[in-house]
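Below is one structure, written out as C-alpha coordinates, with a few remarks after it.
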Amino acid sequence: MKKKTISVILAAMMAAGMLAGCGSSSSSDSADAQTTEASAAASSASTSQDASGDVTLRFAWWGGDERNEATQAVIDQYEKAHPGVTIEAEPGSNDGYHDKLATQLASGTAPDIVQIDPETMPTFVDAGDYFVDLNTTSIDLSDFDADYLALQINGNYDGKQLGLPTGIAGPAILVDKTLADKFGIDMTKQDITWEDWIDYAKKIQEQDPESYLFCANKEYITNLFVFTMAKQYGGPLFDADGKLLVTEDTLTKVFEYVKELYDSGAVAPASYEASYIGDDVQSDANWIAGKYVAAPCYISTMDVMVAANPNDEYVAGTLPVMDGAKDGGFASNTPQLLSITNSCKNQDVAADFLNYFFNDKTAQETLGATRSVPPTESARKICEEDGKVSQVVSDAADIAMAVGGTPNDKVSSSAEAKTILFDTVEAVGYGQMTPEEAAATVVDEFSGLQK
(Lines give C-alpha, C1' and ligand atoms only; values in the text may rest on other atoms or scores of the structure.)
Protein backbone atom coordinates (compact mmCIF):
# COMPACT_ATOMS: atom_id res chain seq x y z
CA MET A 1 0.00 0.00 0.00
CA LYS A 2 1.38 3.40 -0.88
CA LYS A 3 2.31 5.80 1.91
CA LYS A 4 -0.21 8.38 0.74
CA THR A 5 -2.98 5.79 1.00
CA ILE A 6 -1.77 4.74 4.45
CA SER A 7 -1.79 8.31 5.65
CA VAL A 8 -5.31 8.88 4.37
CA ILE A 9 -6.59 5.68 6.04
CA LEU A 10 -4.93 6.47 9.35
CA ALA A 11 -6.18 10.04 9.29
CA ALA A 12 -9.72 8.86 8.63
CA MET A 13 -9.54 6.31 11.44
CA MET A 14 -8.22 8.87 13.87
CA ALA A 15 -10.97 11.30 12.96
CA ALA A 16 -13.56 8.60 13.54
CA GLY A 17 -11.98 7.62 16.88
CA MET A 18 -11.50 4.02 15.71
CA LEU A 19 -8.09 3.40 17.24
CA ALA A 20 -8.71 1.23 20.29
CA GLY A 21 -7.38 2.17 23.69
CA CYS A 22 -6.87 5.86 22.84
CA GLY A 23 -9.53 7.63 24.82
CA SER A 24 -10.15 11.27 24.05
CA SER A 25 -7.01 13.13 23.07
CA SER A 26 -5.82 15.84 25.41
CA SER A 27 -4.81 19.22 24.04
CA SER A 28 -1.13 18.49 24.66
CA ASP A 29 -1.35 15.16 22.82
CA SER A 30 -3.08 16.83 19.86
CA ALA A 31 -0.41 19.48 19.74
CA ASP A 32 2.28 16.80 19.80
CA ALA A 33 0.66 15.00 16.85
CA GLN A 34 0.39 18.21 14.85
CA THR A 35 4.05 19.10 15.38
CA THR A 36 5.41 15.64 14.61
CA GLU A 37 6.21 16.49 11.00
CA ALA A 38 8.13 19.58 12.05
CA SER A 39 10.34 17.51 14.35
CA ALA A 40 10.93 14.71 11.84
CA ALA A 41 14.50 15.67 11.08
CA ALA A 42 15.46 15.77 14.75
CA SER A 43 13.71 12.47 15.42
CA SER A 44 15.46 10.80 12.51
CA ALA A 45 18.81 12.07 13.69
CA SER A 46 18.24 10.65 17.17
CA THR A 47 18.07 7.08 15.84
CA SER A 48 21.40 7.10 14.04
CA GLN A 49 24.96 6.56 15.13
CA ASP A 50 27.05 9.66 15.67
CA ALA A 51 30.64 10.11 14.50
CA SER A 52 32.00 8.30 17.55
CA GLY A 53 29.83 5.27 16.93
CA ASP A 54 27.46 5.97 19.83
CA VAL A 55 23.80 5.05 19.41
CA THR A 56 20.68 6.88 20.55
CA LEU A 57 17.30 5.14 20.63
CA ARG A 58 13.83 6.46 21.47
CA PHE A 59 11.44 4.40 23.60
CA ALA A 60 7.78 5.45 23.92
CA TRP A 61 5.21 4.00 26.32
CA TRP A 62 2.26 5.03 28.48
CA GLY A 63 1.60 4.24 32.11
CA GLY A 64 1.45 5.51 35.67
CA ASP A 65 4.25 6.64 37.95
CA GLU A 66 5.18 3.15 39.15
CA ARG A 67 5.57 1.83 35.60
CA ASN A 68 7.41 4.94 34.46
CA GLU A 69 9.90 4.79 37.33
CA ALA A 70 10.56 1.07 36.86
CA THR A 71 11.00 1.43 33.09
CA GLN A 72 13.38 4.38 33.52
CA ALA A 73 15.39 2.37 36.04
CA VAL A 74 15.79 -0.48 33.52
CA ILE A 75 16.88 2.04 30.89
CA ASP A 76 19.49 3.41 33.31
CA GLN A 77 20.75 -0.11 34.03
CA TYR A 78 21.16 -0.87 30.35
CA GLU A 79 22.88 2.43 29.59
CA LYS A 80 25.34 1.87 32.46
CA ALA A 81 26.25 -1.54 31.03
CA HIS A 82 26.44 -0.11 27.47
CA PRO A 83 28.24 3.27 27.67
CA GLY A 84 27.83 3.92 23.95
CA VAL A 85 24.03 3.66 24.04
CA THR A 86 21.54 6.37 25.04
CA ILE A 87 17.84 5.55 25.29
CA GLU A 88 15.61 8.59 25.26
CA ALA A 89 12.51 7.85 27.33
CA GLU A 90 9.19 9.14 25.99
CA PRO A 91 6.59 8.22 28.63
CA GLY A 92 3.10 9.63 28.36
CA SER A 93 -0.55 8.98 29.03
CA ASN A 94 -2.79 6.69 27.01
CA ASP A 95 -4.82 9.73 25.94
CA GLY A 96 -3.92 10.48 22.33
CA TYR A 97 -0.97 8.06 22.37
CA HIS A 98 -2.09 5.90 19.45
CA ASP A 99 -3.28 8.85 17.36
CA LYS A 100 0.17 10.38 17.67
CA LEU A 101 1.86 7.04 16.94
CA ALA A 102 -0.27 6.54 13.82
CA THR A 103 0.99 9.85 12.44
CA GLN A 104 4.59 8.99 13.32
CA LEU A 105 4.40 5.56 11.71
CA ALA A 106 2.97 6.98 8.49
CA SER A 107 5.66 9.69 8.33
CA GLY A 108 8.59 7.44 9.30
CA THR A 109 9.30 9.39 12.49
CA ALA A 110 8.09 6.88 15.09
CA PRO A 111 10.24 6.04 18.13
CA ASP A 112 12.50 3.01 17.77
CA ILE A 113 10.75 1.00 20.48
CA VAL A 114 7.03 1.50 21.07
CA GLN A 115 4.39 0.18 23.42
CA ILE A 116 1.11 -0.64 21.65
CA ASP A 117 -2.38 -1.64 22.71
CA PRO A 118 -2.88 -5.17 21.29
CA GLU A 119 -6.37 -4.28 20.07
CA THR A 120 -4.92 -1.35 18.10
CA MET A 121 -2.09 -3.37 16.59
CA PRO A 122 -4.20 -4.92 13.75
CA THR A 123 -4.99 -1.42 12.47
CA PHE A 124 -1.30 -0.62 12.18
CA VAL A 125 -0.45 -4.01 10.66
CA ASP A 126 -3.16 -3.64 8.02
CA ALA A 127 -1.97 -0.13 7.16
CA GLY A 128 1.69 -0.83 6.44
CA ASP A 129 4.93 -2.69 7.11
CA TYR A 130 5.89 -0.80 10.24
CA PHE A 131 7.38 -3.36 12.62
CA VAL A 132 10.38 -5.69 12.81
CA ASP A 133 9.79 -9.45 12.95
CA LEU A 134 11.32 -10.14 16.36
CA ASN A 135 11.83 -13.80 15.43
CA THR A 136 14.69 -12.58 13.23
CA THR A 137 16.45 -10.68 16.03
CA SER A 138 18.76 -11.66 18.88
CA ILE A 139 15.93 -11.61 21.46
CA ASP A 140 15.73 -14.90 23.37
CA LEU A 141 12.09 -15.98 23.31
CA SER A 142 12.60 -19.34 25.00
CA ASP A 143 11.21 -18.20 28.37
CA PHE A 144 7.88 -17.19 26.81
CA ASP A 145 5.11 -19.76 26.48
CA ALA A 146 5.18 -20.66 22.76
CA ASP A 147 1.41 -21.05 22.47
CA TYR A 148 0.88 -17.69 24.15
CA LEU A 149 3.31 -15.99 21.77
CA ALA A 150 1.59 -17.60 18.78
CA LEU A 151 -1.68 -15.72 19.36
CA GLN A 152 -2.29 -12.74 17.08
CA ILE A 153 -3.52 -10.67 20.02
CA ASN A 154 -0.06 -11.22 21.52
CA GLY A 155 1.78 -9.87 18.49
CA ASN A 156 2.01 -12.81 16.08
CA TYR A 157 0.86 -12.00 12.54
CA ASP A 158 1.21 -14.75 9.93
CA GLY A 159 4.16 -16.20 11.79
CA LYS A 160 5.91 -12.88 12.29
CA GLN A 161 6.35 -11.76 15.89
CA LEU A 162 5.70 -8.06 15.40
CA GLY A 163 5.43 -7.35 19.12
CA LEU A 164 6.17 -9.04 22.43
CA PRO A 165 3.54 -9.33 25.17
CA THR A 166 4.45 -7.38 28.29
CA GLY A 167 2.24 -9.40 30.57
CA ILE A 168 -0.69 -11.74 31.01
CA ALA A 169 -4.33 -10.78 31.46
CA GLY A 170 -7.45 -12.85 31.21
CA PRO A 171 -10.27 -14.63 33.02
CA ALA A 172 -9.94 -16.49 36.30
CA ILE A 173 -11.94 -18.38 38.87
CA LEU A 174 -11.02 -17.28 42.39
CA VAL A 175 -11.93 -20.05 44.83
CA ASP A 176 -12.42 -19.61 48.54
CA LYS A 177 -10.77 -22.92 49.45
CA THR A 178 -11.91 -22.63 53.05
CA LEU A 179 -15.54 -22.69 51.91
CA ALA A 180 -14.96 -25.21 49.12
CA ASP A 181 -13.50 -27.66 51.63
CA LYS A 182 -16.40 -26.99 54.01
CA PHE A 183 -18.92 -27.95 51.32
CA GLY A 184 -16.82 -30.86 50.02
CA ILE A 185 -16.25 -29.63 46.47
CA ASP A 186 -13.09 -29.38 44.39
CA MET A 187 -12.97 -26.41 42.02
CA THR A 188 -9.35 -27.16 41.09
CA LYS A 189 -9.69 -30.65 39.65
CA GLN A 190 -8.42 -31.23 36.14
CA ASP A 191 -10.94 -31.61 33.32
CA ILE A 192 -13.64 -29.80 35.27
CA THR A 193 -16.86 -29.40 33.28
CA TRP A 194 -19.62 -26.82 33.07
CA GLU A 195 -21.97 -29.49 34.44
CA ASP A 196 -19.69 -29.99 37.46
CA TRP A 197 -20.34 -26.39 38.43
CA ILE A 198 -24.11 -26.96 38.43
CA ASP A 199 -23.68 -30.11 40.53
CA TYR A 200 -21.49 -28.20 42.99
CA ALA A 201 -24.10 -25.46 43.25
CA LYS A 202 -26.82 -27.96 44.14
CA LYS A 203 -24.58 -29.57 46.75
CA ILE A 204 -23.92 -26.19 48.37
CA GLN A 205 -27.61 -25.25 48.38
CA GLU A 206 -28.53 -28.55 50.02
CA GLN A 207 -26.18 -27.75 52.90
CA ASP A 208 -26.86 -24.02 53.15
CA PRO A 209 -29.62 -22.38 51.07
CA GLU A 210 -28.10 -18.97 51.79
CA SER A 211 -24.76 -19.83 50.17
CA TYR A 212 -23.98 -19.89 46.45
CA LEU A 213 -21.27 -21.19 44.18
CA PHE A 214 -20.49 -17.93 42.35
CA CYS A 215 -20.38 -14.25 43.15
CA ALA A 216 -21.49 -13.05 39.72
CA ASN A 217 -23.77 -10.31 38.43
CA LYS A 218 -25.24 -10.10 34.92
CA GLU A 219 -22.08 -8.45 33.56
CA TYR A 220 -19.78 -11.19 34.81
CA ILE A 221 -22.17 -13.94 33.73
CA THR A 222 -22.14 -12.40 30.26
CA ASN A 223 -18.42 -11.72 29.96
CA LEU A 224 -17.10 -14.92 31.51
CA PHE A 225 -19.85 -17.49 30.83
CA VAL A 226 -21.99 -16.43 27.87
CA PHE A 227 -19.15 -15.34 25.59
CA THR A 228 -17.01 -18.31 26.58
CA MET A 229 -19.68 -20.96 26.06
CA ALA A 230 -20.75 -19.44 22.75
CA LYS A 231 -17.17 -19.54 21.47
CA GLN A 232 -16.67 -23.09 22.69
CA TYR A 233 -19.84 -24.16 20.87
CA GLY A 234 -19.19 -22.34 17.62
CA GLY A 235 -16.32 -19.85 17.67
CA PRO A 236 -16.55 -16.04 17.38
CA LEU A 237 -19.98 -14.41 17.42
CA PHE A 238 -19.08 -12.18 14.44
CA ASP A 239 -16.37 -12.63 11.82
CA ALA A 240 -13.60 -10.11 11.14
CA ASP A 241 -15.80 -8.30 8.61
CA GLY A 242 -18.64 -7.88 11.10
CA LYS A 243 -20.91 -10.65 9.76
CA LEU A 244 -23.02 -12.47 12.35
CA LEU A 245 -21.84 -16.06 12.87
CA VAL A 246 -23.45 -17.20 16.10
CA THR A 247 -26.65 -19.17 15.58
CA GLU A 248 -29.93 -19.21 17.46
CA ASP A 249 -29.33 -22.87 18.30
CA THR A 250 -25.97 -22.07 19.93
CA LEU A 251 -27.40 -19.19 21.92
CA THR A 252 -30.33 -21.32 23.07
CA LYS A 253 -27.85 -23.77 24.60
CA VAL A 254 -25.94 -20.92 26.23
CA PHE A 255 -29.07 -19.38 27.73
CA GLU A 256 -30.24 -22.79 28.92
CA TYR A 257 -27.04 -22.85 30.96
CA VAL A 258 -27.65 -19.33 32.22
CA LYS A 259 -31.10 -20.46 33.41
CA GLU A 260 -29.47 -23.42 35.17
CA LEU A 261 -27.09 -21.04 36.96
CA TYR A 262 -30.06 -19.23 38.46
CA ASP A 263 -32.30 -22.26 39.02
CA SER A 264 -29.59 -24.34 40.74
CA GLY A 265 -28.45 -21.54 43.03
CA ALA A 266 -25.06 -21.33 41.37
CA VAL A 267 -25.59 -17.56 41.46
CA ALA A 268 -27.74 -15.41 43.71
CA PRO A 269 -31.17 -14.32 42.43
CA ALA A 270 -31.17 -11.67 39.72
CA SER A 271 -33.11 -9.32 42.00
CA TYR A 272 -30.28 -9.48 44.55
CA GLU A 273 -27.49 -9.12 42.00
CA ALA A 274 -29.11 -6.01 40.54
CA SER A 275 -27.67 -4.08 43.49
CA TYR A 276 -24.12 -4.73 42.30
CA ILE A 277 -23.41 -3.31 38.84
CA GLY A 278 -20.38 -3.78 36.62
CA ASP A 279 -17.11 -4.30 38.48
CA ASP A 280 -18.65 -3.64 41.89
CA VAL A 281 -18.81 -7.33 42.81
CA GLN A 282 -16.10 -7.02 45.46
CA SER A 283 -18.55 -4.97 47.54
CA ASP A 284 -21.23 -7.68 47.41
CA ALA A 285 -22.30 -8.18 51.03
CA ASN A 286 -22.56 -11.94 50.50
CA TRP A 287 -18.96 -12.12 49.27
CA ILE A 288 -17.72 -10.15 52.27
CA ALA A 289 -19.78 -12.38 54.59
CA GLY A 290 -18.37 -15.57 53.07
CA LYS A 291 -21.52 -16.77 51.32
CA TYR A 292 -19.91 -17.44 47.91
CA VAL A 293 -17.49 -20.30 47.26
CA ALA A 294 -15.93 -18.71 44.17
CA ALA A 295 -15.84 -15.61 42.02
CA PRO A 296 -15.46 -15.55 38.25
CA CYS A 297 -13.20 -12.55 37.74
CA TYR A 298 -10.08 -11.38 35.95
CA ILE A 299 -6.47 -12.05 36.83
CA SER A 300 -6.04 -8.34 37.46
CA THR A 301 -8.92 -8.21 39.98
CA MET A 302 -8.22 -11.35 42.02
CA ASP A 303 -6.26 -9.55 44.72
CA VAL A 304 -9.04 -6.97 45.02
CA MET A 305 -11.57 -9.75 45.64
CA VAL A 306 -9.29 -11.41 48.20
CA ALA A 307 -8.85 -8.09 50.02
CA ALA A 308 -12.63 -7.77 50.36
CA ASN A 309 -12.73 -11.02 52.39
CA PRO A 310 -9.14 -11.64 53.49
CA ASN A 311 -9.53 -14.18 56.28
CA ASP A 312 -9.99 -17.32 54.16
CA GLU A 313 -7.53 -19.29 52.00
CA TYR A 314 -7.79 -18.81 48.24
CA VAL A 315 -6.73 -20.82 45.19
CA ALA A 316 -7.20 -20.53 41.44
CA GLY A 317 -9.93 -22.73 39.99
CA THR A 318 -9.63 -24.61 36.72
CA LEU A 319 -11.54 -23.47 33.64
CA PRO A 320 -13.96 -25.81 31.84
CA VAL A 321 -13.66 -26.64 28.16
CA MET A 322 -16.43 -28.77 26.67
CA ASP A 323 -15.70 -31.84 24.54
CA GLY A 324 -15.28 -30.92 20.88
CA ALA A 325 -14.98 -27.21 21.67
CA LYS A 326 -14.40 -25.00 18.62
CA ASP A 327 -12.40 -22.59 20.75
CA GLY A 328 -10.93 -22.51 24.25
CA GLY A 329 -13.16 -19.52 24.88
CA PHE A 330 -11.20 -18.11 27.82
CA ALA A 331 -9.09 -15.56 25.97
CA SER A 332 -5.82 -14.75 27.71
CA ASN A 333 -3.85 -11.92 26.21
CA THR A 334 -1.40 -9.18 26.98
CA PRO A 335 -2.37 -5.68 28.12
CA GLN A 336 0.38 -4.19 25.92
CA LEU A 337 2.91 -5.10 23.23
CA LEU A 338 6.47 -3.84 22.79
CA SER A 339 7.62 -3.50 19.17
CA ILE A 340 10.64 -2.28 17.23
CA THR A 341 9.71 -0.03 14.33
CA ASN A 342 11.14 -0.62 10.87
CA SER A 343 12.26 3.03 10.78
CA CYS A 344 14.75 2.26 13.57
CA LYS A 345 18.27 2.59 12.18
CA ASN A 346 19.86 0.48 14.92
CA GLN A 347 17.55 -2.48 15.15
CA ASP A 348 20.25 -4.78 16.56
CA VAL A 349 20.77 -2.46 19.53
CA ALA A 350 17.02 -2.06 20.05
CA ALA A 351 16.67 -5.86 20.05
CA ASP A 352 19.52 -6.19 22.54
CA PHE A 353 17.78 -3.74 24.86
CA LEU A 354 14.48 -5.66 24.64
CA ASN A 355 16.37 -8.88 25.31
CA TYR A 356 17.67 -7.24 28.51
CA PHE A 357 14.22 -5.84 29.31
CA PHE A 358 12.50 -9.26 29.14
CA ASN A 359 15.25 -11.71 30.15
CA ASP A 360 17.73 -10.08 32.54
CA LYS A 361 17.11 -10.96 36.19
CA THR A 362 17.85 -7.45 37.46
CA ALA A 363 15.48 -5.96 34.89
CA GLN A 364 12.79 -8.49 35.82
CA GLU A 365 13.16 -7.64 39.51
CA THR A 366 12.95 -3.93 38.73
CA LEU A 367 9.90 -4.13 36.45
CA GLY A 368 8.01 -6.49 38.73
CA ALA A 369 4.32 -6.49 37.84
CA THR A 370 4.17 -2.89 36.55
CA ARG A 371 2.84 -4.19 33.23
CA SER A 372 0.61 -6.86 34.84
CA VAL A 373 1.64 -10.47 35.55
CA PRO A 374 4.99 -10.91 33.75
CA PRO A 375 4.91 -12.90 30.48
CA THR A 376 7.96 -15.09 31.14
CA GLU A 377 8.22 -17.96 33.59
CA SER A 378 11.38 -16.67 35.24
CA ALA A 379 9.95 -13.17 35.80
CA ARG A 380 6.77 -14.60 37.31
CA LYS A 381 8.84 -16.69 39.72
CA ILE A 382 10.79 -13.60 40.78
CA CYS A 383 7.58 -11.66 41.37
CA GLU A 384 6.15 -14.50 43.42
CA GLU A 385 9.26 -14.62 45.60
CA ASP A 386 9.25 -10.84 46.03
CA GLY A 387 5.55 -10.79 46.83
CA LYS A 388 4.78 -8.58 43.83
CA VAL A 389 2.49 -11.25 42.39
CA SER A 390 0.49 -13.48 44.70
CA GLN A 391 0.58 -17.23 44.25
CA VAL A 392 -3.12 -17.37 43.38
CA VAL A 393 -2.67 -14.75 40.64
CA SER A 394 0.35 -16.54 39.20
CA ASP A 395 -1.49 -19.87 39.19
CA ALA A 396 -4.50 -18.25 37.50
CA ALA A 397 -2.26 -16.84 34.78
CA ASP A 398 -0.83 -20.30 34.10
CA ILE A 399 -4.34 -21.79 33.90
CA ALA A 400 -5.63 -19.08 31.55
CA MET A 401 -2.63 -19.43 29.24
CA ALA A 402 -3.01 -23.22 29.11
CA VAL A 403 -6.71 -23.04 28.18
CA GLY A 404 -6.48 -20.03 25.87
CA GLY A 405 -9.08 -18.83 23.45
CA THR A 406 -9.85 -16.25 20.80
CA PRO A 407 -10.50 -12.73 22.10
CA ASN A 408 -14.03 -11.43 21.62
CA ASP A 409 -14.64 -9.91 18.20
CA LYS A 410 -15.01 -6.16 17.79
CA VAL A 411 -18.76 -6.13 17.15
CA SER A 412 -19.82 -8.28 20.10
CA SER A 413 -17.35 -6.37 22.32
CA SER A 414 -19.09 -3.08 21.57
CA ALA A 415 -21.07 -1.35 24.28
CA GLU A 416 -24.29 -1.80 22.29
CA ALA A 417 -23.81 -5.55 21.85
CA LYS A 418 -22.88 -6.05 25.49
CA THR A 419 -25.93 -4.12 26.66
CA ILE A 420 -28.12 -6.46 24.60
CA LEU A 421 -26.50 -9.47 26.28
CA PHE A 422 -26.60 -7.95 29.79
CA ASP A 423 -30.31 -7.21 29.46
CA THR A 424 -31.08 -10.64 28.05
CA VAL A 425 -29.17 -12.47 30.78
CA GLU A 426 -31.06 -10.46 33.38
CA ALA A 427 -34.38 -11.25 31.67
CA VAL A 428 -33.59 -14.97 31.82
CA GLY A 429 -32.60 -14.57 35.47
CA TYR A 430 -35.93 -12.93 36.28
CA GLY A 431 -37.81 -15.59 34.31
CA GLN A 432 -39.09 -12.99 31.85
CA MET A 433 -37.65 -14.88 28.86
CA THR A 434 -37.16 -18.55 28.09
CA PRO A 435 -33.75 -19.57 26.69
CA GLU A 436 -35.36 -19.92 23.26
CA GLU A 437 -36.85 -16.42 23.44
CA ALA A 438 -33.56 -15.00 24.68
CA ALA A 439 -31.64 -16.58 21.80
CA ALA A 440 -34.12 -15.30 19.22
CA THR A 441 -33.98 -11.81 20.71
CA VAL A 442 -30.17 -11.66 20.65
CA VAL A 443 -29.94 -12.95 17.07
CA ASP A 444 -32.54 -10.41 15.94
CA GLU A 445 -30.84 -7.48 17.68
CA PHE A 446 -27.33 -8.63 16.72
CA SER A 447 -28.42 -8.82 13.08
CA GLY A 448 -28.91 -5.07 13.20
CA LEU A 449 -25.27 -4.64 14.33
CA GLN A 450 -23.80 -6.42 11.30
CA LYS A 451 -21.40 -4.41 9.20
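The values are calculated or read from the model by the stated rules, or taken from the named source; none is laboratory data. Quantities reported herein were computed from a predicted structural model and do not represent experimental measurements. All Cβ positions, glycine included, derive from the backbone under ideal geometry; neighbour counts span all protein chains shown. Only protein heavy atoms, including side chains, enter the accessible area calculation; ligands, DNA and RNA are left aside. Shrake-Rupley method; radii C 1.70, N 1.55, O 1.52, S 1.80 Å.
Taking the Cα centre of the chain as reference, the dipole from Cβ charges on Lys and Arg (+1) and Asp and Glu (-1) amounts to some 880 debye. In this structure, Ser107 and His82 have a Cβ-Cβ separation that, at R0 = 30 Å, corresponds to a calculated FRET efficiency of about 0.55. Dipole magnitude for segment 345-424: about 180 debye, using +1 per Lys or Arg Cβ and -1 per Asp or Glu Cβ, origin at the Cα centre. Modelled label positions at Glu377 and Lys160, each set 7 Å beyond Cα in the direction of Cβ, lie 3.0 nm from each other. Between Asp241 and Glu445, full extension at 0.36 nm per residue minus the direct alpha carbon distance yields a gain of 71.7 nm. For segment 363-442, with all protein chains in place and a probe radius of 1.4 Å, 49% of the accessible heavy-atom surface sits on carbon or sulfur. Counting only DSSP beta bridges with both residues in the chain, the antiparallel share comes to about 60 percent.
Straight-distance candidates among the lysines for linking to Lys253, with alpha-carbon spacing under 16 Å and chain neighbours fewer than 8 residues away dropped: Lys231, Lys326.
Answer rounded, prolate or oblate for segment 273-321, using the Cα gyration tensor with square roots of eigenvalues a ≥ b ≥ c: rounded when a/c is under 1.5, else prolate when a/b is larger than b/c, else oblate. Oblate is the answer for segment 273-321, as a/c is 1.5 or above yet b/c matches or exceeds a/b. Determine, at each q value in 0.10, 0.15, 0.17, 0.21 (inverse angstroms), the log₁₀ of I(q)/I(0) that the Debye formula gives when each Cα of segment 97-194 is one equal point scatterer. Log-scaled intensity ratios, in q order: -0.44, -0.71, -0.82, -1.09. So, R0 is 35 Å and r is the distance between the beta-carbons of Asp263 and Glu385; what FRET efficiency does that work out to, to 0.05? So the FRET efficiency works out to roughly 0.20. Ranking Trp287, Trp62 by solvent-accessible area of protein heavy atoms (1.4 Å probe, all protein chains present), from largest to smallest, gives Trp62, Trp287. For Lys345, a cut-off of 20 angstrom between C-alpha atoms picks up these aspartates and glutamates, skipping any fewer than 8 places away in its own chain: Glu37, Asp50, Asp54, Glu79, Glu88, Glu90, Asp112, Asp129, Asp133. Angle check, please: helix 65-81 long axis (alpha carbons) against the longest principal axis of the chain (alpha carbons), in degrees 0 to 90, nearest 10. The two axes meet at around 40 degrees.
Globularity index of the chain is 1.05 (Cα radius of gyration / 2.2 N^0.38 Å, N = number of residues).
You can think of it this way: the chain between Asp348 and Tyr430 has 23.5 nm of extra reach, that is 0.36 nm per residue less the Cα-Cα gap.
Per residue, the convex hull spanned by the Cα atoms of segment 153-195 amounts to 122 cubic angstrom. If r is the Cβ-Cβ distance from Ser275 to Asp323 and R0 is 41 Å, what FRET efficiency results, to the nearest 0.05? Efficiency, from the Cβ-Cβ distance: 0.65.
Taking a ≥ b ≥ c as the square roots of the eigenvalues of the alpha carbon gyration tensor, segment 398-451 is oblate, as a/c is not under 1.5 and a/b does not beat b/c. Hey, any idea what % of segment 229-354's accessible area is carbon plus sulfur with a 1.4 Å probe? Whole-percent figure for carbon plus sulfur exposure: 48.
Per-residue extension of 0.36 nm, minus the Cα-Cα distance of Asp303 and Ala415, leaves a gain of 37.7 nm for this segment. Cross-link pairs exceeding 25 Å between alpha carbons, from the set Lys203/Lys291; Lys100/Lys388; Lys388/Lys410; Lys218/Lys451; Lys189/Lys388; Lys291/Lys388: Lys100/Lys388; Lys388/Lys410; Lys218/Lys451; Lys189/Lys388; Lys291/Lys388. Average accessible surface for the chain: 42 Å² per residue, computed with a 1.4 Å probe over protein heavy atoms with every protein chain in place.
Summed over qualifying helices (DSSP H, 4 residues or more, each -39500 (n - 2.57)) and divided by its residue number, the chain shows a 222 nm mean residue ellipticity of -13000 deg cm²/dmol.
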